[in-house]
Structures are given as C-alpha cells and as structure tokens.
Amino acid sequence: MFPASKGANGMNREIEIKLVSQEDEEQVHRLRDYCFPSKYKGARRDDFQYWVRHSTVIGAYDKRDLAGKLLILPLNISVHGVNYEMGGMGFVATYPEYRNEGIMKRLIVRSLAEMRNNNQSISVLAPFSVSFYRHFGWELFFDKLHYSIPKESFPQFLIQTNRMKRFSFEWLDEEGFNKILQYHNKHAMRTNGGMQRDAAWWQRLARREPDSHFAYYTIGKSMAGYIRYEIKDLTFYIRDFVADSRQAEQPLWNFIASHQASVNVIKGVTSAASHFGFQFDQPQFKKEITQDVMVRIVDVNAFLTKYSWGHLKDSLYLSVHDPFAPWNECLFHISKDGDVEVINHRLIERQHILSLPITIVSAMLIGYLSVIEALNYAIDPLGKEAEENWKSAVPINPPVFYEYF
C-alpha cells in the first residue's frame, strides 16, 4: 500500500489511483489542456476524445477531482519480425498543486500492472525527461536523424519515370489510399520497430495533419514506395518516406525535387543508422540527431516466449532487475529450442547468467544495444562461452520508430 499524499499545506490527503470512467472524461480533457502547451480544439479534440475512449486511462483522484492521469494507447510494434501488442504511454500529467507527492510514481506502477493484464508485453513513450522514465525502467532505443536539405542540395537522379500517382487527405483517391495502407503495414512488419497502422491511426493522422499529400511509385502493378508530405512556408515537410529499396527511393526523391520552384528546403526525419544522403551528389547539409523515444519490456516472460532469436547454440540464462515490475525479477532459462521457463538461481553458476537491469534488457533485445554494449551494464561478470552464446542469439538490427503519441 502507498501512504497518503501530503499536500502543500502539510496535511495528508487520500489520493486514489483507479481507472477513469466515462463520466470523468471531461476532467481528462481539462487536465490535458492545462498541462500541455496548447489547448485542443476541433479535430484535435475529437482525436484526443477517441483515444480517451479507446485507451486505458488511469487517474489519480482527490475525492472526485482528477489530480493526475495517463493514457495507455492500445498499439503494436514489430520486433525482429514478430508483432507485439504494445502500450503506448502518453498524455502523462498532474496539476501543479499535486506535484512532488509521489502521485506520478503510483500512476506509472499501476500502468505496468494494467499493461501486463492487457497482454501488452512492451511499452513505448516519448519522454519529457529521459532520466525520469529511465528510473522506472524505460530506455532509449532509436537515434532519430532530422535533416534539412537546401535547394542547392536537392537530390536529382537520372532515372526518369511517370509511374507516380498523387492525392491528398482532402481529395482522397480511395484505391490509392487502400494500396498505401496495405503497403505501409507490410513494410512495418518487415521493419524492426515498425508499427502497423489501423484505420483509427490513419484517422488520427488525418485529424492532426489534414493538409497531408501522398505520392506513390509503382513497378508494374506493385507499389514500390510512397511519401506523405506537407508544403507550407516554402518548406517541403516529409511525414512518411517508405520504399522497398534505394532504387525505389530515387523516383520519390525526383518527385520531391521537382517542387524546387515553390520550396526552398526539404525537411524530414530518418534513422541515424541509415547513412542518409550517402547516394546524393550533395550530401553535406544540416543533420541533427535526437533521442526522443523510449521502450520498456513490461512482461519479460511473455516477451521472451514470442521473441525471434538468432542462432541458439546453447541454453541462455537471463536474470532481470526490475523493482517496479516484480514479476520480472526472475531467472529465465531459454532452451536451444527457444522455450522459456523460470528456474531457481541456485541451480546455475553465476558466470552462466546474464544479469541486467530491465532498461538494458529492453534496449538489447529490441536491437538498440549490442550484446557487447549491454555487457558494460551487467550486474555480474559473464563467462566467455555464455557471452558468445548471447552474441549469436540476439539479432543485430537497429530499430526505428517514427510514430508519435
């Protein structure tokens, strides 16, 4: 049991942590609007209302008044080709008069239990503070590269094609849009860290970025790549850029560069691991790396059971330190066949056990940290043979994650 919170006046007040009911949804809106930079109106408010209604909303109540809250959006993520149910944590907030009372800790601890009960074995969030969420078990997992290409460096390729088709949210081509929906999800499933978008997520994008345009490229009857973009203030903003290969990227870049009479700069984001611009004639333009997304394995047993291992040469033993999700504080045995079981620590010599905090376990298994990098954070030394087994077993594939919530 958590103790009662102590208010600014020094008096204890009973704060109850519970799921928010529909009758309190208006309080959720008011708290979001107070604590975030801009008030939601129109389509953005409609979008937020949809996710309030369809998410797990956990509230901190002072009697009947909502003092704090967070949302867990029911999403998904692909990890090394396996699709996992994912809890997208967002809209975390408390009113200022309730801060520094341990309310946020209680909300987060409750969120872990709720995600586990909902079979969401992994969670992703965009942190306001990396150190804050790292304390609770989340870890960085994607280096995002922001690029800004001036007109004189717009990429141009010799390939010529007329197999480009274009439409927008405002003037929707239903057939083309359905092709993009299917193409995007197939590509996301093949992308480590990719998130499949359902109709609700596309509706969210339409509400939040209604001026988006689309252009897609086909080879024969098959789609080979598409972009979603906006043009404003003499800038070409790339929102999505998805292609099968470098060759498929070239006609998309030619299409973008064809706007040089009306735009002065191209801006977008990609993975820092992608060697972005390498194939351009003029690759020396502004690039900046940010780390603004974090991941956490919520239920290690459930996650490992579905995990796509590389080559399992021998049994693996993993001990996890996770004080905020005690169900993870076990010794896991992974057999050569990929079967997972919880066993007694005393049965295995320590040099065979990889002992890590949940932050490093999450970053390693999703592919952000290599096994060698993860070993720098091991709680106990690992034997050489066990180290080689882990290096062989964990796939090497840097994750990417471009969604925002």
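The values are calculated or read from the model by the stated rules, or taken from the named source; none is laboratory data. Only a predicted model underlies this, so the values are computations on that prediction, with no experimental measurement involved. Here Cβ is always computed from backbone atoms with ideal geometry, including for glycine, and neighbour counts include all displayed protein chains.
Selection within segment 90-140: residues that are out of contact with any strand residue (DSSP E or B) (no Cβ under 7 Å at 6 or more places or on another chain) and among the β-branched types (Val, Ile, Thr). The member of this set that is farthest from GLY59 (Cα to Cα) is VAL109.
Of all residues in segment 32-60, those that are without any contact (Cβ under 8 Å) to a residue 24 or more places away in the chain and over 17 Å from SER111 (Cβ atoms) have Cβ atoms under 8 Å from Cβ atoms of residues that are part of a loop (DSSP other than H, G, I, E, B) and of a type in the set (D, E, K, R), 6 or more apart or on another chain, in ASP33/LYS39. Residues that are among the basic types (Lys, Arg) and buried (at least 16 other Cβ atoms within 10 Å of the Cβ) within segment 371-405 comprise just one, LYS391. Using the structure shown, decide if GLY90 is touching a residue at least 12 places away in the same chain (Cβ under 8 Å) and closer than 19 Å to ASP198 by Cα. Yes, satisfied.
Among the residues of segment 242-256, the ones that are surrounded by fewer than 19 Cβ atoms within 10 Å (Cβ to Cβ) and either touching a Pro at 6+ places or on another chain (Cβ under 6 Å) or closer than 12 Å to PRO155 by Cβ (or both) come to 2 in all. Being within 15 Å of the chain's Cα centre (by Cα) and buried (at least 18 other Cβ atoms within 10 Å of the Cβ) is a property that VAL130 lacks. Do the conditions hold for ALA363, that is, is it surrounded by 15 or more Cβ atoms within 10 Å (Cβ to Cβ), in contact (Cβ under 8 Å) with a residue 40 or more places away in the chain and either closer than 20 Å to VAL298 by Cα or more than 28 Å from the chain's Cα centre (by Cα) (or both)? Yes, satisfied. Does segment 50-57 contain at least one residue that is modelled with pLDDT under 95 and in a loop (DSSP other than H, G, I, E, B)? Checking segment 50-57: not a single residue is modelled with pLDDT under 95 and in a loop (DSSP other than H, G, I, E, B).
Taken together, the residues in segment 322-346 that are at pLDDT below 95 and over 22 Å from TRP309 (Cβ atoms) amount to 3. Annotation note: Cβ proximity below 9 Å between a residue of segment 180-205 that is without any contact (Cβ under 8 Å) to a residue 40 or more places away in the chain and closer than 14 Å to ARG228 by Cβ and a residue that is assigned to a helix (DSSP H, G or I) and aromatic (Phe, Trp, Tyr) (sequence gap 6+ or interchain) occurs for LEU181/TRP202; TRP202/PHE177. Please work out if GLN282 is over 16 Å from the mean Cα position of the chain (by Cα) and on the phi < 0 side of the Ramachandran plot. For GLN282, the condition - over 16 Å from the mean Cα position of the chain (by Cα) and on the phi < 0 side of the Ramachandran plot - is met.
Picking from residues in segment 61-78 that are touching a residue at least 60 places away in the same chain (Cβ under 8 Å) and either polar (S, T, N, Q) or not in a strand (DSSP E or B) (or both), the one that is surrounded by the fewest Cβ atoms within 10 Å (Cβ to Cβ) is ASN76. In segment 170-182 there is no residue matching the filter, namely being surrounded by 13 or more Cβ atoms within 10 Å (Cβ to Cβ), touching a strand residue (DSSP E or B) at 6+ places or on another chain (Cβ under 8 Å), among the hydrophobic types (A, V, I, L, M, F, W, C) and farther than 24 Å from ASN254 by Cβ.
Taking the listed residues SER319, SER355, the one that is in contact with a Cys (Cβ under 8 Å, 6 or more places away or on another chain), surrounded by 14 or more Cβ atoms within 10 Å (Cβ to Cβ) and either of a type outside the set (Asp, Glu) or in contact (Cβ under 8 Å) with a residue 60 or more places away in the chain (or both) is SER319, with no other qualifying.
Residue-by-condition table, conditions (1) touching a Ser or Thr at 6+ places or on another chain (Cβ under 8 Å); (2) more than 30 Å from LEU252 (Cβ to Cβ); (3) assigned to a strand (DSSP E or B):
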residue: GLY88; (1), (2), (3): yes, no, yes
residue: PHE91; (1), (2), (3): no, yes, yes
residue: PHE142; (1), (2), (3): yes, no, no
residue: PRO155; (1), (2), (3): no, no, no
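Of the residues SER148, SER222, SER153, the single one that is modelled with pLDDT of 95 or more and exposed (fewer than 15 other Cβ atoms within 10 Å of the Cβ) is SER148. Residues of segment 146-165 that are within 22 Å of ARG246 (Cβ to Cβ) and either among the charged types (D, E, K, R) or under 15 Å from the mean Cα position of the chain (by Cα) (or both): ARG163, LYS165. Please indicate, with yes or no, whether at least one residue in segment 365-381 is under 26 Å from TRP138 (Cα atoms), of a type in the set (D, E, K, R) and touching a Ser or Thr at 6+ places or on another chain (Cβ under 6 Å). Yes, segment 365-381 contains a residue that is under 26 Å from TRP138 (Cα atoms), of a type in the set (D, E, K, R) and touching a Ser or Thr at 6+ places or on another chain (Cβ under 6 Å).
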